[in-house]
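In what follows, a structure is listed as structure tokens, so that the remarks can point back to it.
The values are calculated or read from the model by the stated rules, or taken from the named source; none is laboratory data. Just so it is clear, the model here is predicted, and its values are computed rather than measured. Reconstructed Cβ throughout: ideal geometry from the backbone, glycine too, with neighbour counts over all protein chains shown. We work out accessible area using only protein heavy atoms, side chains counted, and drop any ligands, DNA or RNA first. Shrake-Rupley method; radii C 1.70, N 1.55, O 1.52, S 1.80 Å.
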Amino acid sequence: MTSAWIVVLSQVPVSVILVLVVLLLWIVWDAIDKRGSTYVAFRQFPGPPVWPLIGTMYYTRGMDAAKTFDAFRYWTNLYGGTYKLWLNSHLFSVNITRWQEAEPFMSGGRNTDKSILYRFLHPFIGIGLLNSAGAKWLQRRRILTPTFHFHILNEFHRTFCEESEKLAAKVDSQRTGLEAVEVDLQSAMSQLTLNTICETSMGVKLDTLDGAREYREGIYKVGDMLLNRAVRPWLYVDWMYWLLGYARKMQRLLKPLYLFTTGIITQRRELFVQGKLEDLSSAETTQDDDHSLYNTAFGGKKRYAMLDTLLAAETQGLIDADGIREEVDTFMFEGHDTTASALVFIFLTLSWELEIQERLHQELQQLHMEKVATDEHFSTNDLNSLKFFDRVIKECLRLWPPVAFISRTVTEEINLPDGRVIPKGCIANLHIFDLHRDPAQFPDPDRFDPDRFLPERIAERNPFAYVPFSAGQRNCIGQKYALLEIKTVVAYLVLRYRILPVTKRTEIRFIADLVLRASTPLRVRFERRSA
């Protein structure tokens with residue numbers, strides 16, 4: 001009998017035998033892996049059924065950006081909150097949609113490192129403030145924090161006003177009478193915010209540069225490729241990503257983006273070297289010196305762009321040319337695309353909520369009439385005084401957080417109050433879109449209600465239930481910048497126009513992307529107000 005088996009096996013190709021041996025070893029390893037402490041702890045979380053060998057990967061097969069976004073929402077509703085996805089003990093994630101599991105990542109200084117998913121961004125923006133960790137992150141944060149000081153933001157306010165005026169002029173130029181003008185919000189708001197980030201943070205006017213349109217379009221294509229990699233675990237392996245041709249395709253997409261940001265750095269560096277910018281490089285840089293670079297960056301009468309501060313830091317050895325490139329690429333993307341997304345969905349929401357819009361207009365109009373100054377724009381203090389306006393903006397950011405998803409690596413095991421454990425090595429995906437729709441914190445969560453942000457209502461909620469700019473140590477460094485820009489643009493345009501609906505809420509098909517985005521154009525009509 002044994003000899004008969006030997007004869008049979010001798011007729012089987014070696015390649016087939018190798019495949020069978022590998023499959024057998026894989027089955028044995030998978031069985032042992034599921035007996036380990038990591039999987040035992042992870043079973044406490046609900047989630048799609050875990051198949052042998054491929055885990056829950058079966059349920060994410062063939063997903064495009066829209067199907068991926070829908071799947072996240074479906075699983076949140078199906079499992080009533082946070083759920084798990086599993087491949088093996090080396091690649092597994094907990095998808096956090098409730099504050100109880102989110103709080104450990106946003107309070108204190110533990111588990112602050114970004115997950116492996118951010119490694120996919122390295123070819124795009126390097127390892128800058130967004131995705132660095134440890135000493136490098138701390139140093140970059142220290143260099144950049146003063147560039148968002150409120151004194152500097154007040155100087156940037158004029159640029160926000162000017163870009164609002166440019167957009168209004170463009171809308172008015174398309175009017176052929178009293179009819180409303182239809183506007184593609186994504187295009188209009190992306191152009192506005194790219195202009196502002198170039199001038200305020202980079203110190204360069206966009207109309208002096210080529211490639212702005214290609215830059216905006218390139219970001220969308222890069223986002224598609226990043227998602228494609230994130231939902232296909234075999235592409236996590238760099239050599240496999242290269243072998244299948246994705247790496248070369250990514251480099252082709254990134255080339256015009258690099259040329260655009262390189263042009264910005266080159267233009268500003270030339271002015272810096274020629275001494276046409278006030279010399280920051282003479283500032284002392286000791287940590288305890290009140291006159292250090294980090295304090296004097298906003299101490300003079302002249303406004304400094306973020307890029308000026310980076311160039312000054314380079315002269316003192318605090319950052320090199322590659323580091324400058326990382327931060328410029330990071331802030332060019334984050335500083336315009338996220339704010340544009342916020343503005344898109346704020347104007348969409350106002351077009352759907354006409355009663356809210358009229359009440360908001362009345363508040364703005366009343367303050368405008370009370371102002372002694374003739375300037376059409378509100379000052380930063382004016383904007384901060386508008387209580388209903390503030391609640392409207394916050395409710396829009398609750399429903400439509402520009403960054404709908406962030407991801408961390410669990411470097412230290414987390415013991416939750418209910419006894420469950422998030423194991424070390426886990427990828428923790430914090431779905432802010434779902435976190436903001438927790439019915440226990442926001443009853444009837446899909447209803448638009450600015451009064452959710454009345455002081456007494458805020459006091460009833462956990463502070464980690466609403467985190468449009470993240471929270472804790474890794475919160476968004478530019479959140480004050482973004483809010484000032486958002487409020488400036490919205491106030492000016494709502495005073496000037498009635499925002500009327502074109503795209504219906506039911507027509508929107510969201511896609512999983514770097515920021516909250518839809519698969520089709522989002523449009524409203526701007527109707528000039530008579531008074």
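Before moving on, here are some points about what is shown:
- Neighbourhood charge, 14 Å Cβ-Cβ cut-off, centred on N415 and excluding it, Lys, Arg +1 and Asp, Glu -1: -2
- Rounded percent of accessible protein surface that carbon and sulfur make up, region 57-141, 1.4 Å probe: 57
- G323 sits among other residues whose Cβ lies under 12 Å from its own Cβ, and their net charge, with Lys and Arg +1 and Asp and Glu -1, is -3.
- For region 416-470: relative contact order, % (alpha-carbon pairs under 8 angstrom, 6 or more apart): 34
- Surface composition of region 439-531: carbon and sulfur atoms hold 52% of the protein heavy-atom accessible area at a 1.4 Å probe.
- Of the peptides 406-413, 456-463, the ranking by mean beta-carbon count within 10 Å, highest at the top, reads 406-413, 456-463.
- Annotation: amide H-H contacts under 5 Å for N88 (H modelled 1.01 Å from N, sequence separation of 5 or more, or interchain): none.
- A 1.4 Å probe run over the chain, with the rest of the protein chains in place, finds 46 Å² accessible per residue.
- Out-of-range pairs (alpha-carbon distance over 23 Å; input K34/K114; K387/K487; K136/K394; K34/K84; K166/K487; K170/K487): K34/K114; K136/K394
- Shape class of region 471-528 from the alpha-carbon gyration tensor: oblate, with a/c at 1.5 or above and b/c at least as large as a/b.
- Region 328-444: Rg to Rh, with Rh as the Kirkwood radius over Cα pairs: 1.11
- Scaled against the 2.2 N^0.38 Å expected of a compact globular protein of N residues, the Cα radius of gyration of the chain reads 1.08.
- Over region 333-417, relative contact order from alpha-carbon pairs under 8 Å, at least 6 apart, %: 43
- Cut-off 11 Å between beta-carbons: net charge of the residues surrounding A65, Lys and Arg +1, Asp and Glu -1: -1
- Scaling against 2.2 N^0.38 Å puts the C-alpha radius of gyration of region 159-223 at 1.25.
- The ellipsoid equivalent to the alpha-carbon distribution of region 365-414 has semi-axes of 39, 12, 9 angstrom, derived from the gyration tensor eigenvalues as √(5λ) and listed largest first.
- Measure of compaction for region 9-109 (Cα Rg per 2.2 N^0.38 Å): 1.41
- Selection from G472, F272, N131 lying farthest towards where the dipole of the chain points positive, charges on Cβ: N131
- 19 Å Cα-Cα reach of K249 towards lysines, excluding residues that sit fewer than 8 places from it in its own chain: K221
- Computed on the chain, with alpha-carbon pairs under 8 angstrom and 6+ residues apart, the relative contact order is 24 percent.
- Whole-number D in µm² s⁻¹ for region 403-502, Kirkwood Cα-pair radius fed into Stokes-Einstein, 25 °C, 0.890 mPa s: 147
- When peptides 166-176, 480-490 are sorted by average Cβ neighbour count within 10 Å, with the highest value leading, the order is 480-490, 166-176.
- Convex hull (Cα only) mean projected area of region 90-225, reported in nm² to one decimal: 12.9
- Within the accessible area of region 184-235 (1.4 Å probe), percent carbon and sulfur: 47
- Region 138-211 and region 331-379 have Cα centres separated by 14 Å.
- Cα-Cα pairs of region 323-394 separated by more than 17 Å (percent): 59
- Taking Cα atoms only, the orientation of helix 134-144 departs from the longest principal axis of the chain by about 10 degrees.
- Only DSSP H runs of four or more residues enter the estimate; each adds -39500 (n - 2.57), and after division by the residues of the chain the mean residue ellipticity at 222 nm equals -16500 deg cm²/dmol.
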